[in-house]
Each structure stands twice: as C-alpha cells, then as structure tokens.
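Data block below; observations after.
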C-alpha cells in the first residue's frame, strides 16, 4: 500500500510538471499488428511506459490502426473499443486492465516499466571458441548498437526486457532476449545461408548447394542506379560469361548485342530471354524496380530444358512478388544528363582548307601535273577562313556543335507497393522514363528526338486452399512513345562527318546552306519532318498450382500466357530549302528543296502470342539421406502478326499531315501477315545423396515447322553430376577454413532452327515477263521457281561440355566459381557456296558448317567488415575463343594457307601486313609494286607474302583479332560506413582489335567532302614528319592507303569505370525514430566516367563514329520506403 501511495504521489507531481504527456501525438500506419507489438511502438514513439497484468490483456490480438499526429488517448480509445480492456493514463504511465475490474490498484499490477541496464559479454565462434572481433550487437527495433572489440567483448545499455540482435559476416545471425541479465555470452554458428540459397532454373528452382549446372545470378541492387532505360545495357561485366557490346546509346533505340560464352554459329548468338517462365519475351524495356532476380544459364544441363532455343544460353528473369506480413510502399527517382564519352575532335575550316591544299598537291604531283603554289584555296581565301571576316562565303562550320546539344537530359520514376497476408500477396508497380536525344536545334537547345516509356505491373498470388491450391496472375502493360526524325541516326552522323567544315551549315541569318556532298544534317534534324512511333505491349500469364492430396511431393501446375502488341507509326517528311551563296556577288543565288512536296506514311501492326504448359513435378526425400526429383512438361506456343501501311506523296501543302489530304495519283499501300508455332516436351530427373553426391538428367523434344515432317522433331538431352567434397569426413578437419567445395560436370546437346521458313519446299515468284500464246505471244504476269527445295534440311546442333568448381573459404568470406567449357556446333545452316551462280536459282540453306568454341568463366567474391565498415570485392572474368572447323569455303580459298578462314575465329580480319611508311620515292620505286596503284613517299608499305614481286590480293593474310573481345571482365567494389555507401564498378574487355577507316583514318576521301579531324593536324606524314601516325594526305583518298592492313589495326582493349555511386541513408539519423519511413536514401552516380584504352579517337566499346555515341551520364537519385 505504501508503494501504491508513493507511486501516486510521484505520478501526481509528474502530471503537474509534464502536462503535455496526456496530449502526446503519434503517427501510425499498421495492419495486422499484435497488441504487444503496438505497445512497443507507442513506447518507442513517446515517453509513455505501459503497465498491465499479463492475464488481463490479450496481447496476441491483431489490430489495424492509422493515425497522423493523433492524440494517444484517442488512439487507445479506438484500439480498445468494444474489447474487455480499458486504460488509464497517469503522467507518463499507461495502465491497462479488464473492464470488469475497474477497482484495479497499482498494488495489483506487476508494473511493466522498462528499466535500462548495462549488458556485457563475449562473442565467440562455435567451432573453435575463438573470439569474433567486429561483431554487431544491436538493440532490436532501434539503432542503438555497438561492435565487439579485438577480444570479442562488448558492452551495451538497453532496457531490461529488450532483444539483442547479433550478426557478423560468415555466421548465422542470432536474437537473444536480455531478460534482466547483465552478462550474456554469445556463441555463433557458421552461416549456411549461401548454401541454402535458392536459384531460379529452367522450369523450377534449385538449392545452390545441390545444383549441378553452370549458372550465375546477378544482383539487381547493383544496377538500380543505372541511368540506362534499357536493362540489357547494365549486364556487361556484372557476371561471368556475358558479353554486352554496345551498338549506340540513342534514347529508346539502345539494342546492345548479347552473347553468353562467345559465339559458335554465324547465324545467331543471341541468348533466349525468359520472363516469369514465359519464353521469348523482351527484357530490354523492363525496369530494374520490377525485377527481383536475373539468372544466366550457361552450360548444357542448365539450358537443356529449353531445347532448340537454348543453344546460345538463357537469361531467366523473375519479377518481384509480394510477401506475407510485409506491406510497404517505395518510390525511386533518378534524373540527370548524359554527354558523349568520346568523339573525334573536328578541326577548324582554316585547317581543313590549308591541309586540303596539301592533299591536292600530293595528288597532282602523282599525276605528273604542276600543283601550283597553293592548290584549291588561295592565300586570300585561307585568310578569310582563318579570321572569319566573311562567314557567308568562308564559314567555319563545326558540325558537331551545330548538330549535337551539349547534353541529353533524362529522368526515371518508380512507385511500387507490395505485401499481403497468408492468403493473398501482391506486387504493384508503376514506372515512367523520359529520355531526350543528343541531337536537335542548338539555337533553342531543343532535342529533335525523345523517348518516353510507361510501365505498369500487377503480380498477384492467392493461396486458395492451404498448401494445396495456389493461383497466380501477372499482368504487365508497357507503352513506348518514340518521337524522332525521318532520317536514321547513322545517316545523320555519317553526313555530320562527310561534309567539310568549309561548307555552310547555317548562315548567320538562319538560312540553311547547301553542302558539297550528301545532305546538310542540320536541316535533317530541324526541318525535315518527324516520326511518331507508339508501341503498346500487354503481357499476361496465369498459373494454377495444385499439390496432390495424400501424395507427398507430387505437384501439378498449369501455365497459360497471352501477349498482345500494337504498333503505330506516322512518318511525315517535309521539304528542306537549302540556300546557295554567291561569293562574288555576295548574295544568295536562290534555294533548292531536297524533295518535291511532303510525304506521309502511316503504318499499323498488331501481334499476339500464346503459350500453354502443363507441368508435373515430384520431389521426395527418402530416409532423410536420399532426395529424388522429377519433372515432366508439355508446352505449345503460337505467334501471329499482321501489319498494314498506306502512303501519299508530294503534298502541295504541309498544313494537314493526314492521308485524306494527299494527292490521289501519288499513293501506295501494302500489308503482310505471319504465323508460326512450336511444341515441346521436357523431362528432368534429379537425385542426391545427403546433398553430397548429385546427378541430374534433362531432355527435350522440340518440333519446328521449318523442317520437313520426317525431320521436324529434335531430341536434346543432357546429363550432369556434382560432388560436394566438403561434406566428406576426410575434409572435416579443415571445415573451419574450407566451408564448401563442390565439383561439377555436364554434357548435353542443344539445337537451333535459325533459318527462313519452308526451305524444304520450292519457292515461286511473280513476274510480269511471262510469254504466252504460241504463234501470237503475249507478255503477261506469270510464276516461276526461284529456289530449289532441300528435303534433307534439319536442326543445327550444339554439343556442350562443362567442368566446374564451387568453393567457399574463411566462413564464406571468400567464394569462388570457376568453369571450363567446350562447345562444338554442327550442321550449321548456311547458304551453299559450292554451286555456281550460273545456275540462275537461289540455293536453299543446308546443314554444312562446323564451329567450335572454348573458354573459361571465373567469379571471385570477398566480403568482410571492420568495426562500422562493411565491404565487398567481387570480380569476374570470361575468356572464349571460337574456331571455324568447316564453313564450306570455296576450294581455292580453303587450299590457300594464307587466306583460308578454316582454323580461324569467325569474323577474323584479313588484310595486308604493313611494314611502315615509305620515306622516299626511291624506296617506293625499288620495292614490290602494288596492283592497286603506284606508291610514293608517305604511303603505306606492304609485305609481299608470296614473294612474286607484286602486292595484290594473294598477299592478304589473317591479321589481328576479331571485333568481339575474347576476354571480358568486371570488378565491383562496395563499402558501407555509418549510413554512407560507396560503390565502384569497373568493366573491361581485351584480346580484340578494330580497324580505323573512313574519314577517321583518311580525310578528303571524296575530294572536297570529308571532315578533317584534329588528330590529323601535325600527325600526317610529310618529309619533315617521317614518324607520323597517319599516311600523307591525298585528295580523293589514296587507293593504296585505304586497303585493310595492320597499319590501321588498333588494340581495342579497354578498362572503364562503368559506374561510381555515393549514397547516404537518412534512416540512420534523421528518420531513426520514424516508424513510417523505413528507408530514405539519396545518392549521386556517374556512368562511363573514365576509360583507359589505346583507341584514341572513338569509344572502344561502340567502335564507330557514325552511330549514336556511348554516353557518359551523371545522375542524382532518391529511394524512399514506407
């Protein structure tokens, strides 16, 4: 009783001193939370402490409560309304009791007031008893935490009934209740999560520990900050085995080349894309916010379930799904700008003119003519170019600055919601991307093209009958809007470098100038019209998953997918007026349009596809040690498409860009349709003993309409085995160092049908020159056979062998995956080259080629922490080299050891071996003469390979390496420290070459046409510059120097800082006490920030200056999770 009086006195004065306690406001958004958890949240948000009898309050009752800065008294009234619980507030304490016991006193209540105590202890390893320095000790639900010292000791002040969370890399995390104890020692077990990791494989999932196949998983967190709107562009260097070769960075048109473990067929090296189990969907326009995981299947065992489509590897994409009991909303934003990584620098018009004079003189002297003192331009004209005194007659046009904007802006937004309960889980996602192109009207800084994309996704899972019947549905909608110009990007960049600086791009008064060659690119991008392209894609799939009652491990699954696509394009081409300046009269001579009137073309297309699958799965563990699994699957798919277009030409007026307004006589239209189908049957059998010895066999029977009936079906089997040595008794003595060691091997066949349809049938064409009528012949429309049939055509097959090793050391702090692979592709489908063209018919493709491919994959990862610093280092490397065994070479070429393609990689360069530049005319006259011209001082000297005294095609040999790198690698560095995170990702390629050609190598190729680049100034051969990088300048291009040779060959290896990112999570500071905000991170990132390469004048990854350049981007972003 005395204690009760004392507490009442204390509380009375507490109320007087702190009247605001009873008015404390709280913010809540809780669904399905227990009363016990709600009490903890309220105590965390406020200064109140709760007191109650355990038997008086139903602590397991779940409630749903939302409140925004609401008085706690009002909140509690809502929580306990219509229940047996009541509450009273005294100062900073809240007493809970039963309603039928209103006379409850403090003496009756075991007061649940949390008192702080100091807890100390030691953290050690279970196996060795050694202390663990740097282990994290955290009070659950808070940011109150410490780390163990060098001896594994810790000390932390927490409430007496708190929970401690203990974690350290390589060990299983623990949770311990304090329970009023002052000393708690922790013993940590080695982590096995890495071995228990589940990986998505073909038509199922498998534990990483028991996998026998070669597969890599890419972490989606590593690419969330990427500025690319095409997810494919982010893969290069992230995982071993995957080569991404950029083919430009234009907004909405990024389409990188993907190869897995190199190439072994000239027909196709594209991998199969599978999204949520549906074959053949596109991955490029998915967003990183909607993807949960991405698995790369690489060997025969992994790809065998996909049969004919899996020969080049498979990329499996799984989109995000909701999880029971975890409701959250997240918003992600990233925005910034891009600029070209590397462009050749354009010289001034003065330099272009004076060096053109040198090129002219070189040509005239070769022809035996007197070149004159200057050449094409007089000294007076050169001076006008130099001082800019006459911009109309002697302009200085920097085509890059007139066509390209300083930077291209972009933004991306993502809003996702996920969660659910044990019955229904959901994931909802919205995405928006907006990206401008780099070229446009530089006067107003307005881009001429742009790309917008809208993504909507809903993934729903419903557990209709507990553990028996589940229903899943996915619906994804994507809208892509591309606004561009009628001319292609390649055409724009080609003309940007084809026209000389001495031509007028745009006169000072704004009029467009007529150029010497080709087209004025400024007019094409600003006044040439527009193209509006809209695509809508709808992807759906539905899954019924039934576990058979009373038959343990037996499961039947039905999958149905239906996709629909719509496309619409409107192309409006308008005349562009180009003006001609008369230098003598100093006035315009008039203008000329590039076309007669405007042209309008509209096209419509739609496509649809469906696929249906029936799967029967059986998984059973027998006597604990034996595990067997089986899969049987039947799949069928069908694709249809049709399109229609109409056009009218030579519009007199450009005010109404509609078909009805065009001329009646100048019009056209056409259309087409396609239809195709596939069927397949798959089986898989797996067995493992104690997860130590594993064996798996797969097989697929595929049918393709491209082959005759007796050759239409192909069988593609595989078998793989694995042995976990680390589970053997003789390895237990070192299991504290070597935590996992597994050997793998696989063999199998895969197929391909990458040819046109109906090659086994003759083809007929329609012509207007058929003659009928005997004595009175008439010429009329008729049909003729245009292609012979090949009744023996069949599948292209790839035989694959793989051997690999997986290892984990030092408590899984260091992991390694290494593979050696060999693949030989036979019966490659190629057009025959051994039948003479005089036959007059097109010869169908035949199974005539053989190519092999071999290489290694390597992944190494290290992760650890020191005090508050967590870090990881992950590196990967792939080397792959193919070789032509037989591609039906012409006999003459095949029998020439210098020129045969057999024995070399596909895409091997063939050219002349250069041995420098001629220093004098005498030297050129006394060496083997060239069939394609008379060499002079400053020209390239070639080796006479066959010693016949003539340089001709017989002297061409294999030179350098191919366009595609044989070696690719990546290095990912990540670190976290007290809320800050820093990531650096390096990516590179090696063992590859490129050829300098075109205007990049030789200016003035077309006489007056052709841009002079800065790198030619002072770097082209002259009698005073004998060690120049480039040959002598030559008006019209020297026929000797334009030949492919080692002179123009460059090592295209490179190392690139692909991504650097610095972020900070305010959840650790500003929002540490917020239950509403679960994460608030901001970051800054840059892509393609730095590149190291021997290639100086263009991007070594894109390898061309006539396509849209690779972009260097700078991004700011924010991630918020509620």
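Since every read-out is calculated from the coordinates, none of them should be taken as a lab result. These numbers were taken from a predicted model, which means no experiment stands behind them. Virtual Cβ from ideal backbone geometry, glycine too; neighbours counted across all protein chains shown.
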Margin query: I need the calculated FRET efficiency for the pair residue 130 and residue 689, taking r as the beta carbon distance and R₀ as 30 Å, to the nearest 0.05.
Written below: 0.35
Checklist line | Degrees, to the nearest 10: 349-366 long Cα axis against longest axis of the chain | finding: 40
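Starting from the alpha-carbon convex hull of the range 938-1096, give the projected area averaged over all orientations, in nm². Numbers along the way, then the final one.
Details: hull surface 60.7 nm².
Reported value for the Cα convex hull: 15.2 nm².
Between residue 973 and residue 1094, what length in nm is gained on full extension when 0.36 nm per residue of separation is reduced by their alpha carbon distance?
Values: separation 121, 0.36 × 121 = 43.56 nm, distance 2.49 nm.
Here the segment from residue 973 to residue 1094 would lengthen by 41.1 nm.
Looking at the square roots a ≥ b ≥ c of the eigenvalues of the Cα gyration tensor of the range 260-370, which shape do they give, rounded for a/c under 1.5, prolate if a/b is larger than b/c, or oblate?
Numbers: a/c = 6.42, a/b = 2.01, b/c = 3.19.
Oblate is the answer for the range 260-370, as a/c is 1.5 or above yet b/c matches or exceeds a/b.
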Check: Remind me, relative contact order of the range 377-536 in percent, using alpha carbon pairs under 8 angstrom and six or more residues apart?
Finding: 22
Check: Computed on alpha carbon atoms, what radius of gyration and Dmax characterise the range 365-508, expressed in Å?
Finding: 29.0, 96
Notebook entry, point to check: Gain in length, residue 140 to residue 511, computed as 0.36 nm per residue apart minus the alpha-carbon separation, to one decimal in nm?
Noted result: 126.5 nm
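Using only the Cα atoms of the range 22-101, construct the convex hull and provide its projected area averaged over every direction, in square nanometres to one decimal.
One quarter of the hull surface, i.e. the mean projection, equals 4.7 nm².
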Check: Per residue and in Å³, how big is the convex hull formed by the alpha-carbon atoms of the range 476-556?
Finding: 148
Notebook entry, point to check: For the range 913-955, what size does the Cα cloud have along each of its three principal axes, sorted from largest down, in whole Å?
Noted result: 25, 15, 15
Checklist line | Global size of the range 865-947 as Cα Rg and Dmax, reported in angstrom | finding: 23.8, 75
Next item on the list: Rounded, prolate or oblate: pick one for the range 202-319, where a ≥ b ≥ c are the square roots of the eigenvalues of its C-alpha gyration tensor, a/c under 1.5 means rounded, and failing that, prolate if a/b is larger than b/c, else oblate.
Entry: oblate
Next item on the list: Could you let me know the centre-to-centre spacing of the range 706-757 and the range 788-837, using Cα atoms, in angstrom?
Entry: 13
Check: Roughly how many Å is it from the Cα centre of the range 510-589 to that of the range 858-926, as a whole number?
Finding: 35
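Rounded to two decimals, what ratio of Rg to Rh does the range 116-191 give with C-alpha atoms and a Kirkwood Rh?
Values: Rg = 11.3 Å, Rh = 12.1 Å.
For the range 116-191, the value is 0.94.
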Notebook entry, point to check: Taking one equal scatterer on every alpha-carbon of the range 423-569, how large is log10 of I(q)/I(0) by Debye at q = 0.11, 0.17, 0.20, 0.21 1/Å?
Noted result: -0.63, -0.98, -1.16, -1.21
Margin query: In 5 Å bins starting at zero, report the fraction of Cα pairs in the range 1048-1087 per bin as a rounded %.
Written below: 6, 17, 16, 11, 11, 9, 8, 6, 5, 4, 4, 2, 1
Check: How much of the DSSP beta bridge set in the chain is antiparallel, as a percent to the nearest 5?
Finding: 95
Check: So how compact is the range 954-1035: Cα radius of gyration and Dmax in angstrom?
Finding: 21.2, 67
Note to self: For a protection proxy built on the mean count of beta-carbon atoms within 10 angstrom, sort 1040-1047, 705-712 highest first, please.
What the structure shows: 1040-1047, 705-712
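For the range 116-191, calculate the relative contact order in percent as a whole number, restricting contacts to Cα pairs under 8 Å that are 6 or more residues apart. Each step should come with its number before you reach the end.
On the way: 184 pairs, mean separation 28.6, N = 76.
Result for the range 116-191 is 38 percent.
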Check: If one takes the longest principal axis of the Cα atoms in the chain, at what angle in degrees, from 0 to 90 and to the nearest 10, does the Cα axis of helix 489-498 lie?
Finding: 50
Item checked: Helix axis angle, 35-45 relative to the chain longest principal axis, alpha carbon, degrees -> 70
Check: What are the principal axis extents of the Cα atoms in the range 389-466, in Å, biggest first?
Finding: 85, 14, 12
Note to self: In whole Å, what are the extents of the chain along the principal axes defined by its C-alpha atoms, from largest to smallest?
What the structure shows: 125, 74, 67
Next item on the list: Note down the nm distance, to one decimal, between modelled labels 7 Å out along Cα→Cβ at residue 155 and at residue 44.
Entry: 2.7
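Can you order the peptides 781-787, 825-831, 557-563 by their average number of other Cβ atoms within 10 Å per residue, highest first? Kindly include the intermediate steps, with their values, before the conclusion.
Details: 781-787: 12.7, 825-831: 21.0, 557-563: 18.3.
Ranked by mean Cβ neighbours within 10 Å, highest first: 825-831, 557-563, 781-787.
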